[in-house]
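Single-structure report; data block below.
Any read-out appearing in this document is the output of simple, stated calculations on the displayed coordinates, not a laboratory observation. Quantities reported herein were computed from a predicted structural model and do not represent experimental measurements. Every residue, glycine as well, gets a Cβ built from its backbone with ideal geometry; the counts of neighbours run over all protein chains shown.
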C-alpha cells in the first residue's frame, strides 16, 4: 500500500504540487492541456507532493510481462490495461512485471493506486494469463483475461510431430495450428504447421504517438513433409521464429509473448512490461 503524506509543508510555507518518478519524465501538449508523463521501464516509485490531500487525475497504461514460449505453443502477451484513477498525495511503489523465463508465465504489473485493475502476466505452455498461451502437444490453449487480452490458439499433434498454437495478443486471439494428415502407423504424419501470435494494441499515452504493445508469440512447427513451418509473432512484440536470446524472445517493455519451440526455433523468454502515468502539467 502507498505511504500518503498528509498536509506537507516546509516552515509554514505551502509546497508547490509536483509529481516525480520513473525512468523517464517527458512532456507534451494536447491543446489546450499540458501533460507530464512518467514512464517506468523498471519497478520504482511514483511520488505526488502537495499540501493537504488535494487529489489529481492520472491516465495510466499498465502492461504485464509476457509469457515464455512452451513446447511448440507461443507465449501469451502480458495483460494490457488503460485506466483513469484519482491520485492523492503520497509515495506509490510501482511494479513493472518481468517477462517469464522458460518455463514461467509473465509477472503482473501494478501501481498500488487505489481502485486500479492489476495487469496479469501472460500465460505459458497452454496456460491462462493476461493473454493465454498457445497449445502444444496436448492441444490445450490458455484463456485470456477479459479486458486485458485474448485466448491462445489450439495446438495439434501427430506422433512425434507437434504444431503449436499462437499466443494470444491484446487485440486478437492466437491462431490455432494447422492439422496433420496421415498417422504414425499408416505411412507417417504429413503437413501440419503452427499458428501466428495474436496482434497487440496501439496506444499513444507515452509518446503522444501510437506504439503497439502486447503481441502474442508465434507457434513452433513440426518437421514433417508439407509442413507450413514456424509462425510469426503478433504485432507489438510477439516472439518470432529463431533463437533465444534473440528474435524468439518477446519484445522488451512491450509485454510481448515469446515464440514456442519448433524445428527451427528454441523457446524464448517473455518481454518485460511497462507502466506509464500521465498527469496534468502544470499542477495548480
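What do the square roots of 5 times the Cα gyration tensor eigenvalues come to for segment 174-284, in whole Å, largest first, as semi-axes of the equivalent ellipsoid? Write out the running numbers ahead of the final one.
Details: eigenvalues 288, 31, 12 Å².
Working from the Cα gyration tensor, I get semi-axes of 38, 12, 8 Å.
How many percent of Cα pairs in the chain exceed 26 Å?
Across the chain, Cα pairs with separations above 26 Å total 44 percent.
For segment 17-85, what relative contact order do you get, as a whole percent, if you take Cα pairs closer than 8 Å and at least 6 residues apart? Each step should come with its number before you reach the end.
Working: 95 pairs, mean separation 18.1, N = 69.
Relative contact order for segment 17-85 comes out at 26 percent.
How would 249, 23 line up from fewest to most surrounding beta-carbon atoms within 10 angstrom?
On the way: 249 30, 23 13.
The most exposed by this proxy come first: 23, 249.
If you average 1/r over every pair of different alpha-carbon atoms in segment 57-99 and take one over that average, what Kirkwood value in Å do you get? Don't skip to the answer; put the middle values down first.
Numbers: mean 1/r = 0.0798 Å⁻¹.
Roughly 12.5 Å, rounded to one decimal.
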